[in-house]
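Remarks on the structure that follows.
The values are calculated or read from the model by the stated rules, or taken from the named source; none is laboratory data. Treat the numbers as computed from the prediction; the structure is a model and nothing was measured. Cβ coordinates were reconstructed from backbone atoms using ideal geometry, including for glycine residues, and neighbour counts include every protein chain displayed.
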Amino acid sequence: MQDTLRTRMGWLHAWVGFAAGLLLFCVFTSGCLAVFDTELTRWLQPEAPPQTAAFSPRSLDHVLPAVHDLLAQGEKPFVTLPSARDPYLRLEHHDGHEFLTVPYNPQTGERLNVRATAGGTFFYDLHYTMRSGVYGETVVAFAGLALLLTIGSGIIIHLKGLVSDLMLLRPFAARLRAWLDVHVVAAVVFLPFILLMAYSGTFIRARTLFPPVSYLASLENAFRVSAPSAAHRPEKPAVPIPEAFPPLAPLVAEAERTIGAGQTGYILFQPQTILVSRTDSSGPLLTREHVDFSPVDGHVLRHVLLPGAITHTEQVLKGLHYARWTGVGMRWLYFLSGAMGAVMFASGSIIFLMKRRRQSGERIMFRIAEGLAIGSVVGLPMGALAFFWANRLLPISLPDRPLAEGHVFLAVWVLSVVSGMAWSLLGRPLQGWKIQLFCLGGLGFFLTPLDLATRPGVAFFHVPTVFAATDLVALFLAFVSFQMARRL
Amino acid sequence: MIALCIFLWSLFLLLQACHEPKMLRFARLQKPAWLQRTRALRFVLPPMVLGVCVAERASTAIPVWVATFSVAALLVALGWAGLARYRELLLTTAEVRAAALRKE
């Protein structure tokens, strides 16, 4: 009975795992990069000085003309206050894909002259929509359900050796054995994290899975929204925007009397209200508590804190998933766990192909599957590195620069899929893996020289942490890629 | 704090690995005699790590406790694989030398 169940679960685990695994690899990879979105934005705007003066609330008023302009364009701008994680005052707005940010000096309120970039939030958008709007969001939500199914079947398959094989890693054994060990260690050891992310991620997107209207209408709506690829055009506000906003420093002080000293995270501007909101870093309970002010004379309109057990459950799950409450150490733990999740999907896909190569290696579907695996497992990291290269190499005066960075990312990814597919269809998949792994290694290895060559005011013995960490992670990725290419 | 938690978890997992016959066989090790005396320590370490996490910040103790366990397990798995490879090479070299000596 148990054997039968295990066999059946094995089938389910392999097929559902492979079908959803290639997409989930992209979701986990982009997710672990999105954990450091603010830090990556700093890497992508190297002109901003690494050290800044202390925050002065009066500097907020210098941002107001730019806020007014954005509101007039129909955007919903917000100002992020400086924090231990990010020392600048930032004016942000969502362009339909990512949050575009402009840093300001936190003491004087003077705008810092930096390059336009999609920033680290590029990976955040990629993580939960695959840059395809509501349609992508739906696909990712269903992939989350598939992940829960795969985890459940995986636990049943591996129940016998769950404790004894917990740390059994044999990288020098036969190839299939070695990959199986990598898969099991990555999956079992990081199971709590992967389960938490799968459950909370699916929970957050529950509205996509269980829409309030019928599925048909919901899907129709999804296609209608995501079909046109035209640039994001915000609607002009129906309500008139006030000519001048009240000074923001007294508003922040007033809000802090309610939500706690030093707990203000950002200020959101709407034509009818100014929302002073609690910082996301205050704890795992993502309350988004806010005090609303009138944009005309600055009097308090209301204090909003959503009560109820269901709301608190949602807030905790969101808090744990978004990880905005974490310090540097915990953030690295999230990053590492996300990376191991990606390793789990990559190794699982490779095992799936290895097991079927002898029997079905000549079939066209197998070759297409292997081409897609190459394009996903190697192509996505290559695209991500190409995004960093594009940020430093594209002309600073280029119009629509953030969009161009995204296009470079997409072009490299598509090229990788096409090349992987071509090598696979020609019957030489190993060649495809090898070439792309070497390309990935090269892009990662030369990112450090590129950073040193293109970062203004670089000093070799005083490397700010965000730059050093990004370059070292790219170097490590290059080392792993070269090793894998060598051992294939 | 995170480093301390990872260290304590690694200690626990090393002791756990020393108790697993499969792990010992893989690294070509004998079960050490002192292992019996560390039984209590093995059971005390996980709650001790949890205590450290709670003392640091109660609201985030469980995520930190679990995440540091995962990282420690990965470190021990990598270390154990390295140890097994080292011992394999060591024993192979010793066997080759013994065979050469026998020939002489």
* Asked: Restricting attention to the range A:130-140, which residues are at pLDDT 90 or above and buried (at least 21 other Cβ atoms within 10 Å of the Cβ)?
  -> A:VAL140
* over 30 Å from A:VAL408 (Cβ atoms) and polar (S, T, N, Q) - does that describe any residue in the range A:163-178? -> yes
* **Residues (assigned to a helix (DSSP H, G or I) and among the charged types (D, E, K, R)) located in the range A:166-212** => A:ARG175, A:ARG177, A:ASP181, A:ARG207
* Structure fact -> When A:ALA53 is run through (1) over 30 Å from B:PHE69 (Cβ atoms); (2) in contact with a helix residue (DSSP H, G or I) (Cβ under 9 Å, 6 or more places away or on another chain); (3) outside any helix (DSSP H, G or I), the failure sits at (2)
* Within the bounds of the range B:64-71, is there any residue that is crowded, with 18+ Cβ neighbours inside 10 Å, more than 10 Å from chain A (Cβ to nearest Cβ) and closer than 18 Å to A:LEU162 by Cα? -> no
* To do: Those residues that are small (Gly, Ala, Ser) and more than 10 Å from chain B (Cβ to nearest Cβ), I need them from the range A:184-202; list them, please.
  => A:ALA187, A:ALA198, A:SER200, A:GLY201
* Check A:GLN270, A:GLN263 and return the single one that is within 30 Å of A:VAL35 (Cβ to Cβ), touching a Lys or Arg at 6+ places or on another chain (Cβ under 6 Å) and surrounded by fewer than 18 Cβ atoms within 10 Å (Cβ to Cβ). => A:GLN263
* Asked: Has the range B:76-86 got any residue that is more than 7 Å from chain A (Cβ to nearest Cβ) and over 27 Å from B:GLU20 (Cβ atoms)?
  -> no
* Asked: Regarding A:LEU44, is this residue farther than 30 Å from A:PHE366 by Cα and surrounded by fewer than 21 Cβ atoms within 10 Å (Cβ to Cβ)?
  -> no
* Go through the range A:143-165 residue by residue and tally those that are outside any helix (DSSP H, G or I) and among the β-branched types (Val, Ile, Thr). => 1
* Considering the range A:168-223 alone, what residues qualify as being in contact with a Leu (Cβ under 7 Å, 6 or more places away or on another chain) and of a type in the set (Lys, Arg)? -> none
* Asked: Considering the range A:201-232 alone, what residues qualify as being at pLDDT 65 or above and β-branched (Val, Ile, Thr)?
  -> A:THR202, A:ILE204, A:THR208, A:VAL213
* Asked: So which of A:ALA323, A:ALA342, A:ALA346 is surrounded by 16 or more Cβ atoms within 10 Å (Cβ to Cβ), touching a Lys or Arg at 6+ places or on another chain (Cβ under 7 Å) and hydrophobic (A, V, I, L, M, F, W, C)?
  -> A:ALA323
* To do: Check the range A:364-371 and report whether any residue there is crowded, with 18+ Cβ neighbours inside 10 Å and farther than 29 Å from A:ALA14 by Cα.
  => no
* Could you pull out the residue among B:THR38, B:THR60 that is surrounded by 11 or more Cβ atoms within 10 Å (Cβ to Cβ) and at the interface with chain A (Cβ under 8 Å from one of its Cβ atoms)? => B:THR60
* Asked: Does A:SER360 satisfy being polar (S, T, N, Q) and surrounded by fewer than 17 Cβ atoms within 10 Å (Cβ to Cβ)?
  -> yes
* Residue match in the range B:13-33 (condition: part of a helix (DSSP H, G or I) and charged (D, E, K, R)) -> yes
* To do: Could you check A:SER59 against (1) part of a helix (DSSP H, G or I); (2) surrounded by 20 or more Cβ atoms within 10 Å (Cβ to Cβ); (3) in contact with a Lys or Arg (Cβ under 9 Å, 6 or more places away or on another chain) and say which number it fails?
  => (3)
* Asked: Does B:LEU45 count as part of a helix (DSSP H, G or I), within 13 Å of chain A (Cβ to nearest Cβ) and at negative phi?
  -> no
* Asked: Out of curiosity, is B:LEU29 modelled with pLDDT of 90 or more and surrounded by 14 or more Cβ atoms within 10 Å (Cβ to Cβ)?
  -> no
* Structure fact -> Selection from the range B:1-13 of residues facing chain A (nearest Cβ under 10 Å) and surrounded by 17 or more Cβ atoms within 10 Å (Cβ to Cβ) yields B:ILE2, B:CYS5, B:ILE6, B:LEU13
* Structure fact -> Expected output for the range B:67-81 (first residue within 27 Å of A:ALA323 (Cα to Cα), partner surrounded by fewer than 23 Cβ atoms within 10 Å (Cβ to Cβ) and of a type in the set (Val, Ile, Thr), Cβ below 8 Å, 6+ apart or cross-chain) is B:THR68/B:ILE2; B:THR68/B:ILE6; B:VAL71/B:ILE6; B:ALA72/B:ILE6; B:LEU75/B:ILE6
* Among the residues of the range A:444-483, count how many are touching a residue at least 40 places away in the same chain (Cβ under 8 Å) and within 19 Å of A:VAL343 (Cβ to Cβ). => 5
* Determine if the range A:416-431 includes at least one residue that is β-branched (Val, Ile, Thr), surrounded by 17 or more Cβ atoms within 10 Å (Cβ to Cβ) and without any contact (Cβ under 8 Å) to a residue 60 or more places away in the chain. => yes
